[in-house]
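*Asks:* Here it is, the structure in full.
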Amino acid sequence: MGKTFAVIGDPINHSLSPNIHSAAFRELNLDCSYIAYRIPKGELEEGIESLKKIKIDGFNVTIPHKIEMMKYLDKIDESCSLIGAVNTVVNNDGILKGYNTDMEGFLEPIKKKKINIADSNVLLLGAGGAARAIVAGFAKEKAKSITIANRTIEKANDLVEFAQKISLNANSITIEQVKDTAKNYNIIVNATSIGLQNESSLISLDGINDKTVVYDIVYMPLNTDFLKKAKEKNAIVIFGYEMLLGQAIRAFEIWHSMEAPYNAMKKALLGGF
Ligand code: NAP
């Protein structure tokens, strides 16, 4: 019998996940379908019950349910307990197991470019939901140092506390107010929502060079001002869509226990822009 998957969240209409996963099913001739299912904030419990009724095989979870979804899991993978949020669920006869593929999704393009994280001083702009998976990733890979710069300093403090709690901080973690310079860092990541509305980059990229990695997790638009400025400096650029693709590939592999068709999924994702 065919399998059914979904992405839940609100808003959900513009999610690219149905395109990405459907392309993989076509590529591998899998008898599966993937739907976008809007569940408003406050209606998660009922939403999950309805997914169980239709015997959904698995689903992705996005804003605003990533943290609340933890309450409804029967089993929690380490990736999920580490970050305290869930983005991928497997339904095994009504038993829900949660995973978080954001951290590996974030790291994947950095590793693909063979960048040595352990030798890197990292500047992370932002301390929201996505920044948690990123900090966990850099801590896991033992980055030399992580500097968190955020508009609201309390949120940066919470993130440092989180890093200490997960006991992965064999590296040094410091906090700065949003920096206006990016010099002295090997990897600079924008994990704020600045760029979504075509805003100018939060910081100047003066002083970076062709060995600096500049990673914007904002994926819509594809070419943010931050990345345009990085390209002008010939920096190594990583696009937000690469993280999105990375997390989808991990989710696919969890659900189907087989290698994901990377090229077909990438093509479908980029076709959505
Ligand atoms: P979030 O929890 O709402 O956090 C937003 C972050 O942006 C906070 O650090 C916030 O600072 C900062 N910010 C917002 N407006 C700002 C401004 N005017 N000036 C300075 N800082 C500002 O959002 P999130 O879930 O972490 O997501 C952040 C972005 O990443 C979104 O654009 C999202 O689409 C993208 N994202 C991409 C992927 C991917 O796969 N590529 C995955 C997840 C998220 P304060 O703390 O001061 O408010």
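*Asks:* When the label point is put 7 Å from the Cα of Lys75 along its Cα-to-beta-carbon vector, which residues of segment 95-110 have a backbone N closer than 15 Å?
*Replies:* Residues 95-100 fall inside that zone.
*Asks:* Using the heavy atoms of the protein chains alone and a 1.4 angstrom probe, what is the accessible area of the chain per residue in square angstrom?
*Replies:* Heavy-atom SASA per residue in the chain reads 48 Å².
*Asks:* Take the solvent-accessible surface of the protein heavy atoms, probe 1.4 Å, and return the percent of it on segment 181-273 that carbon and sulfur atoms account for.
*Replies:* 47 percent
*Asks:* Next question. Of Ile166, Ile175, which has the most accessible area and how do the rest follow, probe 1.4 Å?
*Replies:* Solvent-accessible surface, decreasing: Ile175, Ile166.
*Asks:* Let me ask something additional. Could you give the dipole magnitude of the chain about its Cα centre, charging the beta-carbon of Lys and Arg +1 and that of Asp and Glu -1, in debye to the nearest 20?
*Replies:* Using Cβ point charges on Lys, Arg, Asp and Glu, the chain gives about 520 debye.
*Asks:* Students sometimes get this wrong: rank Met69, Met243, Met258 by accessible area, probe 1.4 Å, all chains present, largest first.
*Replies:* Highest to lowest solvent-accessible surface, that is Met258, Met243, Met69.
*Asks:* Could I ask something else about it? On a C-alpha basis, how far is the centre of segment 73-126 from the centre of segment 212-249 in Å? Whole number, if you could?
*Replies:* One Cα centre to the other: 19 Å.
*Asks:* In a Gaussian network model over the chain where Cα atoms closer than 10 Å are linked, find which of Ser79, Ser193, Ser257 has the largest mean-square fluctuation.
*Replies:* Of Ser79, Ser193, Ser257, the Gaussian network model singles out Ser257 as fluctuating most.
*Asks:* Within segment 1-27, whose backbone N sits under 15 Å from a point 7 Å along Cα→Cβ of Ser33?
*Replies:* Residues 1-7, 18-19, 22-23, 25-26 qualify, since their backbone N sits under 15 Å from the label point.
*Asks:* Quick one: how many Å² of Glu45 are accessible to a 1.4 Å probe, rounded to 10?
*Replies:* Near enough 100 Å² of accessible area.
*Asks:* Determine the order of Ser145, Ser204 by accessible area, beginning with the largest, at a probe radius of 1.4 Å.
*Replies:* Order by accessible area, largest first: Ser204, Ser145.
*Asks:* Hey, can you grab everything whose amide H is under 5 Å from the amide H of Ile35? Only 5+ residues off in sequence or another chain; H modelled, so Pro and N-termini drop out.
*Replies:* Those lying under 5 Å, H to H, from Ile35 are Phe5, Ala6, Val7.
*Asks:* Also: How about Lys155: which lysines have a C-alpha closer than 20 Å to its C-alpha, ignoring those fewer than 8 places off in the same chain?
*Replies:* Once the sequence-local lysines are set aside, what remains near Lys155 is Lys66, Lys165, Lys179.
*Asks:* Taking loop as defined by DSSP and a crowding limit of 16 other beta carbons within 10 Å, which trypsin sites (Lys or Arg not before Pro) in segment 14-66 fit?
*Replies:* Within segment 14-66, the qualifying trypsin sites (Lys or Arg not before Pro) (loop, at most 16 other Cβ atoms within 10 Å) are Lys41, Lys55.
*Asks:* On to the next question. Per residue of segment 148-155, in order, report the coupling 6.51 cos²θ - 1.76 cosθ + 1.60 (Karplus, θ = phi - 60°) as ³J(HN,Hα) in whole Hz, putting x for Gly and Pro.
*Replies:* Residue by residue, segment 148-155 yields 9, 10, 9, 4, 9, 5, 4, 5 Hz.
*Asks:* To continue, here is another question. Amide H of Ile146 versus every other amide H placed in the peptide plane: which residues, excluding those fewer than 5 positions away on the same chain, fall under 5 Å?
*Replies:* Hits under the 5 Å cutoff: Val122, Ser172, Ile173, Thr174.
*Asks:* In whole Hz, with x marking every Gly and Pro, tabulate ³J(HN,Hα) for segment 218-228 from phi via Karplus 6.51 cos²θ - 1.76 cosθ + 1.60, θ = phi - 60°.
*Replies:* Result, rounded to whole Hz: 5, 10, 10, x, 4, 9, 7, 4, 4, 6, 4.
*Asks:* Also, quick follow-up: Within segment 129-167, find all residues whose amide N lies under 19 Å from a label point positioned 7 Å from the Cα of Asn116 along Cα-to-beta-carbon.
*Replies:* Zone members listed by number: 138-146.
The values are calculated or read from the model by the stated rules, or taken from the named source; none is laboratory data. No experiment lies behind these values; they were computed from the predicted model shown. We place every Cβ from the backbone using ideal geometry, glycine too, and count neighbours over all the protein chains shown. The protein model used for the area step is the full one, side chains on, heavy atoms only, and it has no ligands, DNA or RNA in it. Shrake-Rupley method; radii C 1.70, N 1.55, O 1.52, S 1.80 Å.
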